[in-house]
Amino acid sequence: MHMLRTINLWLRIRARQIWRILQTVGWPLLTVFTLVFAGVVLMLLETMQQLTDWQLALLLALLPLGIHLQRKDQGFLKLLHLRPLLIYLAEYLALVLAIGLLLALFYGKWLIIPLALGLSSLVPLLPTLPPKIRQGTIWQLSWIPPMAFEWRMGWRQQVVPLLILLLGCTGLSYFTVAPVVGFVIIALLAASFYETAESPELVALFWHQPNFIVRKWWANWQVYLVVTSPLSVTFLVLHAQYWHVYLALLVLSAAYFFFLVAYKYAGYWPNRYKVYNQTAVGLFLLGFFSLFFLPVSCYFLWRYYRRATQQLHYYFPK
Amino acid sequence: MSLHIQKLQVGYGDQMVLQDFSLDVPAEATFGILGSNGAGKTTLFKTILGHKKPFSGHLQWQGATLAHQQVAYLETHPYFMPYTTAREYLQLCAHQNPNFPIEKWNAIFQLPLQQFAISFSTGMKKKLAILGIIALDKPILLLDEPFNGLDLESVERMYSVLARLQQIGKTILISSHILETLTRSCEKICFLQKGAIQANYDQAAFPELAATLRQQFEQDTESQLDELFD
């Protein structure tokens, strides 16, 4: 009974959290999102109609899996004497049940609910992929310019997944999709590098340079291109006929890193050390998957660039 | 009856932080752990809390193996979830203690509970985390640098809160690198250096501890400054 009460409290707080995050997007934008999102979902539902019950259940279970791998709150939950396993289980089941019910209603396939719930209940048992601070030798990484120090930090934290991705996707680059997947996942992984804000002294060090945000973006994007260069080479050598895909990846990654840099400084204030960008990144990326959202992504780029410049001017007047 | 720590060996990889660490903390006492940065204070607390597994050694409470559910821990830099209010945080902390009077306790520190905890200043975050620790209602409280970031008034209030918590039977371990905060709030202070206990001091010996430290650090600093300025 006590545990149920706690889980109920946790789920209510999480629901409020999501609601508040959505509110920060702004109501006009949110209305547009909802309408467009509904259209995209309907299109997806049509496509997914051919899937079997098991495939649908598996797709549903991927939702909590995506959340789970990125979780960093085990320590926090333990400090509060909450059991992470139970909390995660409750969250994932609630999420899968809500979406599963909608899918079941739409397709009339009720079997997907128990199947998806069963699969999702295994997700909390899996390990998460929190960044680990390594002890011992510190890689100097002097090839990364100081302005892109986020990559130094990120490389040290995520060296294992980064290397696995690079080696794996380069090794499998005979298949066209492998390098593309490598490009995308490394970029997605890099979003977490921009969640840590630097001290005001470090900002002031570079801020005096003209076009700080643009220079910063350029430095960071360059590092991304260097890191993914094995993928670029194999892709262009083995699949030269898809050069336009590579070109698209370049343009999209440039926009993406510009967004990451701008968003980081749009909410910057001295001594703020954490910038939570996952939701904003998620919304921004929708524009890459659907043309409907493209204007929103463009608006985000402009808006956060402007806000970042204003914010930095306020705290570091030139 | 006490918190009994025996021959604790704790480290990270091949780097040992606590070596043969033994300590007896009497129940219902306020005990200070003094040490410079990197002395092993936080590692000790994380081991007591169960977040760090020792290589060897025993931890006992009231004669039985310490259950980590008996411990509440205040971090040096407490974490708060984004987009959650301070009140929601306290409600979560009080999940095992539903009758915890949030408003009455908050009267002491007067925090704006309807605001997002993440937007609080360092001192306000610390005060909120302290209220959270109290709401958890555990017999052992580990407070890592509880006075950091607090303003003058809050520091005074904190001393009173600690004294009252001790009176109602809590065993409190406070880590700090500021001697004054410990001499004001603790009955005994353990001086930690490089993962080992240098000495334990009771209240009568606090002036001696202060003098020893002052002498040691002043000598070190003066000789280094001499080298720089000569």
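From the list B:198, B:215, B:224, B:219, the one residue that fits, being assigned to a strand (DSSP E or B), more than 16 Å from the chain's Cα centre (by Cα) and surrounded by fewer than 19 Cβ atoms within 10 Å (Cβ to Cβ), is B:198. All of A:223, A:214, A:181 fail the test of being surrounded by fewer than 18 Cβ atoms within 10 Å (Cβ to Cβ), in contact with a helix residue (DSSP H, G or I) (Cβ under 9 Å, 6 or more places away or on another chain) and at pLDDT 90 or above, apart from A:214.
So is residue A:248 at pLDDT 90 or above, buried (at least 18 other Cβ atoms within 10 Å of the Cβ) and either more than 14 Å from chain B (Cβ to nearest Cβ) or over 18 Å from the mean Cα position of the chain (by Cα) (or both) or not? Answer is no for this residue.
Output the residues belonging to the stretch B:195-211 that are over 17 Å from residue B:23 (Cβ atoms) and at pLDDT below 85. Within the stretch B:195-211, no residue meets the criteria. The residues on offer are B:92, B:74, and the sole one that is within 15 Å of residue B:32 (Cα to Cα) and of a type in the set (A, V, I, L, M) is B:74. Of the residues making up the stretch B:115-165, not one is within 14 Å of chain A (Cβ to nearest Cβ), in a loop (DSSP other than H, G, I, E, B) and crowded, with 22+ Cβ neighbours inside 10 Å.
For the stretch B:37-45, check the following and say yes or no: at least one residue is among the small types (Gly, Ala, Ser) and under 15 Å from residue B:174 (Cα atoms). Write out each step before concluding.
Of the residues in the stretch B:37-45, the ones among the small types (Gly, Ala, Ser) are B:38-40.
From what's left, under 15 Å from residue B:174 (Cα atoms): B:39-40.
Yes, there is a match, as at least one residue in the stretch B:37-45 is among the small types (Gly, Ala, Ser) and under 15 Å from residue B:174 (Cα atoms).
Residues of the stretch A:75-128 that are in a loop (DSSP other than H, G, I, E, B), closer than 22 Å to residue A:15 by Cα and of a type in the set (D, E, K, R): A:83 alone.
Do you know which of the residues in the stretch A:5-17 that are exposed (fewer than 14 other Cβ atoms within 10 Å of the Cβ) and more than 8 Å from every other protein chain (Cβ to nearest Cβ) is nearest to residue A:83 (Cα to Cα)?
First, pick out the residues of the stretch A:5-17 that are exposed (fewer than 14 other Cβ atoms within 10 Å of the Cβ): A:5, A:8, A:12, A:15.
Then drop every residue that is not more than 8 Å from every other protein chain (Cβ to nearest Cβ), which leaves A:8, A:12, A:15.
Values: A:8: 14, A:12: 17, A:15: 19 Å.
Among those that are exposed (fewer than 14 other Cβ atoms within 10 Å of the Cβ) and more than 8 Å from every other protein chain (Cβ to nearest Cβ), it is A:8.
Need pairs with beta-carbon distance below 7 Å; first residue without any contact (Cβ under 8 Å) to a residue 24 or more places away in the chain and within the stretch B:31-60, second surrounded by fewer than 22 Cβ atoms within 10 Å (Cβ to Cβ) and hydroxyl-bearing (Ser, Thr, Tyr); sequence gap 6+ or separate chains. Close Cβ pairs satisfying both conditions: none exist.
Checking the stretch A:129-142 against the condition returns a match, with at least one residue being part of a loop (DSSP other than H, G, I, E, B), within 14 Å of chain B (Cβ to nearest Cβ) and touching a Phe, Trp or Tyr at 6+ places or on another chain (Cβ under 7 Å).
Report yes if residue B:48 is of a type outside the set (Gly, Ala, Ser), within 14 Å of chain A (Cβ to nearest Cβ) and buried (at least 22 other Cβ atoms within 10 Å of the Cβ), otherwise no. When the stated conditions are applied, residue B:48 passes them.
In this structure, is residue B:86 touching a Ser or Thr at 6+ places or on another chain (Cβ under 7 Å) and over 24 Å from residue B:198 (Cβ atoms)?
Values: touching a Ser or Thr at 6+ places or on another chain (Cβ under 7 Å): no; over 24 Å from residue B:198 (Cβ atoms): yes.
No: the conditions fail for residue B:86.
Can you spot a residue in the stretch B:16-28 that is out of contact with any strand residue (DSSP E or B) (no Cβ under 9 Å at 6 or more places or on another chain), assigned to a strand (DSSP E or B) and within 14 Å of chain A (Cβ to nearest Cβ)?
Of the stretch B:16-28, the ones out of contact with any strand residue (DSSP E or B) (no Cβ under 9 Å at 6 or more places or on another chain) are none.
Checking the stretch B:16-28: not a single residue is out of contact with any strand residue (DSSP E or B) (no Cβ under 9 Å at 6 or more places or on another chain), assigned to a strand (DSSP E or B) and within 14 Å of chain A (Cβ to nearest Cβ).
Failed condition for residue B:205, given (1) crowded, with 20+ Cβ neighbours inside 10 Å; (2) free of Cβ contacts under 8 Å to residues at least 24 places away in the same chain, with all others met? Condition not satisfied by residue B:205: (1). Within the stretch B:64-114, the set of residues being surrounded by fewer than 16 Cβ atoms within 10 Å (Cβ to Cβ), away from every other protein chain (no Cβ under 14 Å) and in a helix (DSSP H, G or I) comprises B:103, B:104, B:107.
Being more than 11 Å from every other protein chain (Cβ to nearest Cβ) and surrounded by fewer than 17 Cβ atoms within 10 Å (Cβ to Cβ) is the filter; apply it to the stretch A:72-93 and report the residue that is farthest from residue A:127 (Cα to Cα). Applying the filter and picking the extreme gives A:86. Look at the stretch A:164-188: where a residue is among the basic types (Lys, Arg), no partner that is surrounded by 14 or more Cβ atoms within 10 Å (Cβ to Cβ) sits 6+ places away or on another chain with Cβ atoms under 7 Å. Figure legend. Inter-residue proximity from the stretch A:270-281: first residues farther than 18 Å from residue A:67 by Cα, second residues β-branched (Val, Ile, Thr) and surrounded by 15 or more Cβ atoms within 10 Å (Cβ to Cβ), beta-carbon distance below 7 Å, spacing 6+ or different chains. Indicated pairs: A:273/A:196; A:274/A:196. Within the stretch B:163-182, can one find any residue that is in contact with a Pro (Cβ under 9 Å, 6 or more places away or on another chain), more than 23 Å from residue B:42 (Cα to Cα) and not basic (Lys, Arg)? There is at least one residue in the stretch B:163-182 that is in contact with a Pro (Cβ under 9 Å, 6 or more places away or on another chain), more than 23 Å from residue B:42 (Cα to Cα) and not basic (Lys, Arg).
The values are calculated or read from the model by the stated rules, or taken from the named source; none is laboratory data. Just so you know, these numbers come straight off a predicted model, no measurement behind them. So basically every Cβ, Gly included, is an ideal-geometry build from the backbone, and we count neighbours across all protein chains shown.
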